[in-house]
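Visitor: Questions regarding the structure given below will be posed in turn.
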Amino acid sequence: MPLKRECLVILLVLSWVSSLRAQDENHVMFSLGTFQNVSVPVNGTVKADVSRIPADVSFLTLQFHTHHRNVTLSYTPIPLYGFSVTAADAGLLSTLTLSQTDVSWFLKTPDGSSTAGVGVILPYTSTDPVPGACNQVFPLEIDPNIYLEYNLFETTITFAPANIGYRRGETPPACDVDTGSSTRWRLVYELYQYFLPEGDLSEQSLISGLERAANVQNVQDNSRKVVSLSSRDRTQFSFSSLPGQGVILSVIVRDPVLNTSASYIPVHTYACSFSSTLDGCSDLGRVSTKVFFTVTGLAGLLVCFVGHRFFKCELFCMGFCFMAFVFFVLITTTTALEYDLRLALTALMGVVGGVAMVMSWWRFGSVMACVLVVGLILGFLISSIAFFTPLGDLPVFHDDVVFWVVFVCIMVFVPLFFIRWPREGNIITCGMVGGYAVVLAVNAYTYTSLSYITLDVLKRLLNHNFSRAFISVPLQDIDFILITVWVVLGVSGIVMQLYREKSRPFFPPSPYVMWKQERERRKTNVLDPSHHKPSLSARILGRIRQLTQHAEPAGETTPLLL
């Protein structure tokens, strides 16, 4: 009996120790400004604490980031509406009382699964602006979070206005009263982008990037400033979606009077879903896309170096590009077909367009009409390149009417310019368009920002709201390599074709027109020996008679006519 009692005591002690250990595992101590790895267990809640807060700190922000799984941050052990936030990039802001030296928050997953991420607590003084303190839209009373939404075309961020700083224990300044420089209306918001390495969707890359974009100083040193907004502007902004390209978006609120600043909770996006079984991040490199653009790249390489020499092949490729682009826009705006089916129908209509262009040249022999279409393709590419530069982000071009008028003017000017030199214009088109087709083929296998030269124009055609999106994309090592490849291919192809074609006719003649001219010449020129030749049908009948006579049996004679 005593043995059983001792065993029971031992079991109770072990149970108590194990419960303490579990509680320790669900408790994380943070240091101000230091990133901390945090693991949230299955159906568990992690308590995040920070202590020994200096007296000059007026408020704190806790930010927690995961790769793609949502996590819930709460002021209370049980998440309540208005006291918690759920996101892959979530944050809370806590204002401090006069004697407060420690703060606690709670982390858990909304579905009870396990997850892991990194968090950091940043301190701010009473002179720093308070991010999200003038919130009137989102559930939290003070909301420092950036809310992100994306689709195929654009990524939109929204955040709550900030307020000017105040000391511990003081009443916050009013948000809706404008009394000059002493209110939150003097605050300025700066939006930043930090691009992760191209094609790198790993968690390690994301964590490394977040450490470079967590606080104000790091954002300034490592990120790219996009735009500044005043307090009277709408706290919303759109960027061009870059599927597969990781980007961290940050907002810094500045107080120009006190020369202080604070950071909202940065957010990240790849403009694709890690959980979707269709059109997810893992499906970006579709087999159909690779096949389509690989064939396009090979055709572009052929056009780049021998397009003018093999004029019919060039016309087919250019007609294919022209019709494929137009039909893809039409079928995307009018139907909801699956991507692979749209791509197959686009390729089919591209073939029809290429054949139609070759047949129109073969039948009518109008070189200028064909060169006009080819020149429009070159004009489209040149105009797209122009708006791919920072020129495209000028506010004036956010107006669709202004954008399309300028775009079409550039596009039409190019073929008109080359009317005086049609052969040279055709060869230049072969070099530039053919080289860019090779770049698109490479993009099917590895991410490159150069594909957005034409993709941004396509997005603007398909989405009416895309005009307000910030469209600049990063140029990284692979992009500079491909720019070099494009320039080398284009210049080599242009120089080679100009040298080889300098002693040849400007354009090859149309076969049908040549046949028709030859036929007319034979009819009208009686001095031509061929004019006196029997017709084709007469020559065939004569040949048949000859073969019949040679085939008569030996010994038989033809009776004489009496």
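No value in this document is a laboratory result; all are computed from the given coordinates. It should be emphasised that the depicted structure is a prediction, and the values quoted were computed from it without experimental measurement. Every residue, glycine as well, gets a Cβ built from its backbone with ideal geometry; the counts of neighbours run over all protein chains shown.
Visitor: By count of other Cβ within 10 Å, fewest leading, how are D456, D477 ordered?
Guide: D477, D456
Visitor: If you don't mind, another one. Among V406, A347, F311, whose Cα sits farthest toward the positive end of the charge dipole of the stretch 303-451 (+1 at Cβ of Lys/Arg, -1 at Cβ of Asp/Glu, about the Cα centre)?
Guide: After comparing all options, I get F311.
Visitor: Could you tell me which trypsin sites (Lys or Arg not before Pro) in the stretch 168-259 are loop residues by DSSP with no more than 12 other beta carbons within 10 angstrom of their beta carbon?
Guide: R232, R234
Visitor: Normalised by the empirical 2.2 N^0.38 Å for globular proteins, what value does the Cα Rg of the stretch 312-414 take?
Guide: Ratio of Rg to 2.2 N^0.38 Å for the stretch 312-414: 1.24.
Visitor: May I pose another question? How far is the Cα center of the stretch 37-92 from the Cα center of the stretch 150-229, in Å?
Guide: 19 Å
Visitor: Can you tell me, using C-alpha contacts under 8 Å and at least 6 residues apart, the relative contact order of the stretch 285-501 as a whole percent?
Guide: Result for the stretch 285-501 is 32 percent.
Visitor: Right, next: Hey, what's the per residue convex hull volume over the C-alpha atoms of the stretch 285-501, in cubic angstrom?
Guide: In the stretch 285-501, the Cα hull volume divided by residue count equals 120 Å³.
Visitor: So, one more: Can you compute 3J(HN,Hα) from phi for each residue in the stretch 84-91, using the Karplus curve 6.51 cos²θ - 1.76 cosθ + 1.60 with θ = phi - 60°, rounded to whole Hz and x for Gly and Pro?
Guide: Result, ordered by residue: 8, 9, 10, 5, 6, 10, 10, x Hz.
Visitor: How many times 2.2 N^0.38 Å is the alpha carbon radius of gyration of the stretch 81-134?
Guide: Cα Rg divided by the expected 2.2 N^0.38 Å: 1.36.
Visitor: Using a Förster radius of 35 Å, what is the FRET efficiency between S288 and F310 based on their Cβ-Cβ separation? Nearest 0.05, please.
Guide: That pair, S288 with F310, gives E of 0.80.
Visitor: In angstroms, what radius of gyration and Dmax does the stretch 216-361 have, counting Cα atoms only?
Guide: Values for the stretch 216-361 (Cα only, Rg and Dmax): 23.0, 72 Å.
Visitor: So which of K459/K502; K108/K459; K225/K459 end up more than 29 Å apart, counting from Cα to Cα?
Guide: The pairs that break the limit, which is 29 Å between Cα atoms, are K459/K502; K108/K459.
Visitor: Give me the one-decimal nm value for the distance between modelled label points at L541 and E141, 7 Å along each residue's Cα-to-Cβ direction.
Guide: In this crude label model, L541 to E141 measures out at 10.9 nm.
Visitor: At 0.36 nm per residue, minus the direct Cα-Cα distance, what do S273 and M496 gain on full extension? Give it in nm, one decimal, please.
Guide: Going from the current span to full extension adds 75.7 nm.
Visitor: Moving on to the next point. Could you list K502, K459, K290 so that the one with the fewest beta carbons within 10 Å of its beta carbon is first and the one with the most is last?
Guide: Going from sparsest to densest Cβ surroundings: K502, K290, K459.
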